[in-house]
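> Sharing a structure below in structure tokens format, with a few things to ask.
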Amino acid sequence: MRTIKQPPGLWTTITLCSLLVTGCGYQQYHAHPLAAAHGQVSLRAHDTGDSGFVAYLSEEGYTTLPEQWGWRELMYCALYFHPDLDVARAQLSRAMAAIATAGQRPNPSGSLGAGRRTEPEVPEVYSLSFSIPIETAGKRQARIDLATNISETARLNIAQTAWNLRYRLLSSWIEYNAARQNLSMLEQESSLRNDIVSMLNTRLQAGMISSVELSNARLQWQRVQQALVEEQGRIEGLETQLASNSGLPLDKFQQLRLQRYTHEQVLDARHDIDITNSLNPAAQDAALLNRVDIRAGLASYAASEARLRLEIARQYPDINLIPAYDYEEGFHIWSLGISSLLNVLHRNQGLIAEATALRETEAAQFEALQARVIAAMDSAKSRYRAALQALEQARSLYEAQQTQAAQAKLRFEHGFADRLELVTYQLENVLAQQRLLTAEYQVQRAAAALEDSMQLPLENLDPIPNIPARSNRLHTPIQETTT
């Protein structure tokens, strides 16, 4: 028997070719360690003089950095610097990468074999085979739909995060200004009560009044002094909160020149929102559809639909084509095999039942979310209407008190009233102004809560600016998202 010799290096050539094919395009691992101090350094690096932030303001219509910073300018800071948006962007990047993973087709596999019998006259034996998987029943498209809907949820999460930042910043801005206005009014009240205590003390020494009257006045003055100290400490806390909501470190935030409002500017504010027309059922329905969490709930339900479709498709087994070549004892043998999973013990009933239950859960959660949103909108509308009514009443009382204070001043100038009476009316005027300012800021709080319930800016407030696309601290690629 004649032995058929194979070309030298056949095994080596096949091995090198297979390694060359499978080894192309591999990515390299690059370490990116994260230390606890890194976040602190990153936060302290947030500065309104940052070139990227200046360019962002330029895109929003600012030729230079603002001389005075109001809540809208601070909102730009929050959208650019706040780390919550970095987290949302990173989650979106992960979801977008999952779409690429879902669209990948299964890789084929291959095997090589070589052998030799102990008889020297028997030639060597070689074998080469491949396994080519073929997905059936639309599994790949179902995976893509599932990942796409999950990525839509992540994209909407960026808008939801931006809205939450807006509401938190606006609320802290309202509280900060209300506290500063209240501090100013308390200083005026303290000064007037101090004058009253001085005048009553003089009258006590003259035997004109009892010590009880002076003690009551002194207690009221001490109460105001205590309120002044507490309000000053509260302002410091609100300033820290406002800086945090702006995404800036406290030392950089304190360098900003914030807008200051006088009592007259606050009291002259008008709220021209028509509750009947602006918040009618049609407008509420539009706001309900505009809410980001409603749209995210629909995306989550669509993802559960895609998951159920995927599990149903997995009932049908995939097919593996197995072409093979064998060389044995001088014969070239070609073959084609087919393999598949036999659904004998189960047909994926468990995962189908889980996916069905998940879809029902998502539907129930969506209906519950709608009910909560509608209830929140109705409640916020009622609070806003009540706050407007309280403001009008406080304004009427303040105007009446102003008239009385003006009359007291006129009587004092003509000698029909003493200074104690004049200062007492001035104090009552300050207290009425305090109540009016409190009512005004209560309307602003109610308006912000109403906006939050609809996730739709009212006519007297600005909408959310575009969200800048900015690399986060881990240098993760991001997808640009705007609201």
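The values are calculated or read from the model by the stated rules, or taken from the named source; none is laboratory data. What you see is a predicted model, and the numbers here were worked out from it, not measured in a lab. Please note: Cβ atoms are built from the backbone with ideal geometry, for glycine as well, and neighbour counts cover all protein chains shown. We work out accessible area using only protein heavy atoms, side chains counted, and drop any ligands, DNA or RNA first. Shrake-Rupley method; radii C 1.70, N 1.55, O 1.52, S 1.80 Å.
So that you can scan it fast, the table gives a plain yes or no per residue for (1) modelled with pLDDT under 90; (2) among the polar types (S, T, N, Q); (3) under 20 Å from R166 (Cβ atoms); (4) open to solvent by less than 70 Å² (accessible area, probe 1.4 Å):
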position	(1), (2), (3), (4)
P33	yes, no, no, no
Q40	yes, yes, no, no
Y56	no, no, yes, yes
E60	yes, no, yes, yes
T64	yes, yes, no, no
W69	no, no, yes, yes
L79	no, no, yes, yes
R89	no, no, yes, yes
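> Can you find even one residue in segment 169-186 that is among the basic types (K, R), out of contact with any strand residue (DSSP E or B) (no Cβ under 7 Å at 6 or more places or on another chain), in a helix (DSSP H, G or I) and crowded, with 19+ Cβ neighbours inside 10 Å? Write out each step before concluding.
Here is the first cut: in segment 169-186, the residues among the basic types (K, R) are 180.
In the following step, the residues that additionally are out of contact with any strand residue (DSSP E or B) (no Cβ under 7 Å at 6 or more places or on another chain) were identified as 180.
Now restrict to residues that are in a helix (DSSP H, G or I): 180.
From the residues that got through so far, the ones that are crowded, with 19+ Cβ neighbours inside 10 Å too are none.
No, every residue in segment 169-186 fails to be among the basic types (K, R), out of contact with any strand residue (DSSP E or B) (no Cβ under 7 Å at 6 or more places or on another chain), in a helix (DSSP H, G or I) and crowded, with 19+ Cβ neighbours inside 10 Å.
> Just checking, how many residues over segment 292-348 are in contact with a Ser or Thr (Cβ under 6 Å, 6 or more places away or on another chain) and among the small types (G, A, S)?
Final tally of qualifying residues: 4.
> Looking only at segment 354-396, which residues are within 20 Å of L431 (Cα to Cα) and either surrounded by 15 or more Cβ atoms within 10 Å (Cβ to Cβ) or acidic (D, E) (or both)? Step through it out loud before you land on a result.
Taking segment 354-396 first, the residues within 20 Å of L431 (Cα to Cα) are 387-396.
Of everything in segment 354-396, those that are within 20 Å of L431 (Cα to Cα) and either surrounded by 15 or more Cβ atoms within 10 Å (Cβ to Cβ) or acidic (D, E) (or both) turn out to be A387, L388, A390, L391, E392, A394, R395.
> Can you name the condition, by its number, that E213 falls short on among (1) surrounded by 15 or more Cβ atoms within 10 Å (Cβ to Cβ); (2) farther than 30 Å from T240 by Cα?
In the conditions (1) surrounded by 15 or more Cβ atoms within 10 Å (Cβ to Cβ); (2) farther than 30 Å from T240 by Cα, E213 misses (1) alone.
> Also, I was wondering about something else. Regarding Q255, is this residue of a type in the set (S, T, N, Q), outside any helix (DSSP H, G or I) and either open to solvent by 70 Å² or more (accessible area, probe 1.4 Å) or modelled with pLDDT of 90 or more (or both)?
On the way: of a type in the set (S, T, N, Q): yes; outside any helix (DSSP H, G or I): yes; either open to solvent by 70 Å² or more (accessible area, probe 1.4 Å) or modelled with pLDDT of 90 or more (or both): yes.
Spelling it out, Q255 is indeed of a type in the set (S, T, N, Q), outside any helix (DSSP H, G or I) and either open to solvent by 70 Å² or more (accessible area, probe 1.4 Å) or modelled with pLDDT of 90 or more (or both).
> A further question follows. Take I158 and decide whether it is under 18 Å from the mean Cα position of the chain (by Cα) and either open to solvent by 40 Å² or more (accessible area, probe 1.4 Å) or farther than 30 Å from V87 by Cα (or both). Before you say what the answer is, go through the steps one by one.
Values: under 18 Å from the mean Cα position of the chain (by Cα): yes; either open to solvent by 40 Å² or more (accessible area, probe 1.4 Å) or farther than 30 Å from V87 by Cα (or both): no.
So I158 fails the test.
> Moving to a separate point now. Would you check if I209 is part of a helix (DSSP H, G or I) and among the β-branched types (V, I, T)? Can you show your working first?
Working: part of a helix (DSSP H, G or I): no; among the β-branched types (V, I, T): yes.
No.
> Pull up segment 303-352, narrow it to residues that are within 48 Å of the chain's Cα centre (by Cα) and part of a strand (DSSP E or B), then point me to the one that is nearest to G113 (Cα to Cα).
Of everything passing the filter in segment 303-352, N320 is nearest to G113 (Cα to Cα).
> Of all residues in segment 300-335, how many are under 15 Å from S127 (Cβ atoms), at pLDDT 90 or above and open to solvent by 60 Å² or more (accessible area, probe 1.4 Å)?
1
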